[in-house]
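J.: What follows is a single structure, and I will ask about it in a moment.
The values are calculated or read from the model by the stated rules, or taken from the named source; none is laboratory data. Being a predicted model, the structure only gives us computed values, none of them experimental. Note that each Cβ is placed from the backbone with ideal geometry, even for glycine, and that neighbours are counted across all protein chains shown. Ligands, DNA and RNA are stripped out before the accessible areas are found, and what is left, the full protein with its side chains, is counted by its heavy atoms. Shrake-Rupley method; radii C 1.70, N 1.55, O 1.52, S 1.80 Å.
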Amino acid sequence: MEKFKIEKTVDKDDLDDLDHVNNVRYVQWIQDIAKAHWESKADEALKTRFFWVVSEHHIKYKSPAKLNDDIVIKTYVTKAEGVTSARVVEMHNKATDELILKAETIWVLMDMFFKRPTRITREIAAMFT
């Protein structure tokens, strides 16, 4: 299973009142890496024909990230069948390798024209699994 990764450095705008990364920011990063992974794999024809929406997020927070921490964010797809895809995202502190969070998100493939769920093609499933 191929893992896709990006890195972020925590800045002041990422923090909550406790000086930890805000939970909303983590969700944004989960969505950002999924989008970046899709865009790195899909050609223009696929991108203009399909898009993804979130059905559900399950997030387990393990440790806080703080100002100036370098975060390694990795993602991979564990399942792609029917109209849904299960994607895992893990965030680690780059310096300590400590797990910050692990999330599983269920994504639904949508048809751009009809704006309705559509079956994941073999081509799309093969790109990620």
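J.: Under the condition of being touching a residue at least 60 places away in the same chain (Cβ under 8 Å) and of a type in the set (A, V, I, L, M), which residue from the range 101-129 is nearest to residue 23 (Cα to Cα)?
T.: 101
J.: Here's a check for you: in the range 78-105, which residue that is touching a strand residue (DSSP E or B) at 6+ places or on another chain (Cβ under 7 Å) and assigned to a loop (DSSP other than H, G, I, E, B) is surrounded by the most Cβ atoms within 10 Å (Cβ to Cβ)?
T.: Result: 83.
J.: If you don't mind, there's one more thing I want to ask. Among the numbered criteria (1) out of contact with any helix residue (DSSP H, G or I) (no Cβ under 9 Å at 6 or more places or on another chain); (2) under 26 Å from residue 12 (Cβ atoms), which single criterion is violated by residue 84?
T.: Failed condition: (2).
J.: Still on this structure: Among (1) surrounded by 12 or more Cβ atoms within 10 Å (Cβ to Cβ); (2) over 15 Å from residue 127 (Cβ atoms), which single condition is residue 56 missing?
T.: Checking residue 56 against (1) surrounded by 12 or more Cβ atoms within 10 Å (Cβ to Cβ); (2) over 15 Å from residue 127 (Cβ atoms), the one that fails is (1).
J.: Ok, one more. Name the single residue that is farthest from the chain's Cα centre (by Cα) among those in the range 38-53 being open to solvent by less than 80 Å² (accessible area, probe 1.4 Å) and touching a residue at least 40 places away in the same chain (Cβ under 8 Å).
T.: As a first pass, look at the range 38-53 and keep what is open to solvent by less than 80 Å² (accessible area, probe 1.4 Å): 38, 40-43, 45-47, 50-53.
This time we only want the ones that are touching a residue at least 40 places away in the same chain (Cβ under 8 Å), so: 41-42, 46, 50-53.
Working: 41: 14, 42: 15, 46: 19, 50: 17, 51: 14, 52: 11, 53: 12 Å.
Within the range 38-53, the match that is farthest from the chain's Cα centre (by Cα) is 46.
J.: Right, something else. For the range 1-35, which positions are open to solvent by 60 Å² or more (accessible area, probe 1.4 Å), of a type in the set (A, V, I, L, M) and either in a helix (DSSP H, G or I) or farther than 19 Å from residue 106 by Cβ (or both)?
T.: 18, 24 - these are the residues of the range 1-35 that are open to solvent by 60 Å² or more (accessible area, probe 1.4 Å), of a type in the set (A, V, I, L, M) and either in a helix (DSSP H, G or I) or farther than 19 Å from residue 106 by Cβ (or both).
J.: Do the conditions hold for residue 121, that is, is it closer than 20 Å to residue 2 by Cβ, surrounded by fewer than 15 Cβ atoms within 10 Å (Cβ to Cβ) and of a type outside the set (Phe, Trp, Tyr)?
T.: On the way: closer than 20 Å to residue 2 by Cβ: yes; surrounded by fewer than 15 Cβ atoms within 10 Å (Cβ to Cβ): yes; of a type outside the set (Phe, Trp, Tyr): yes.
The answer is yes for residue 121.
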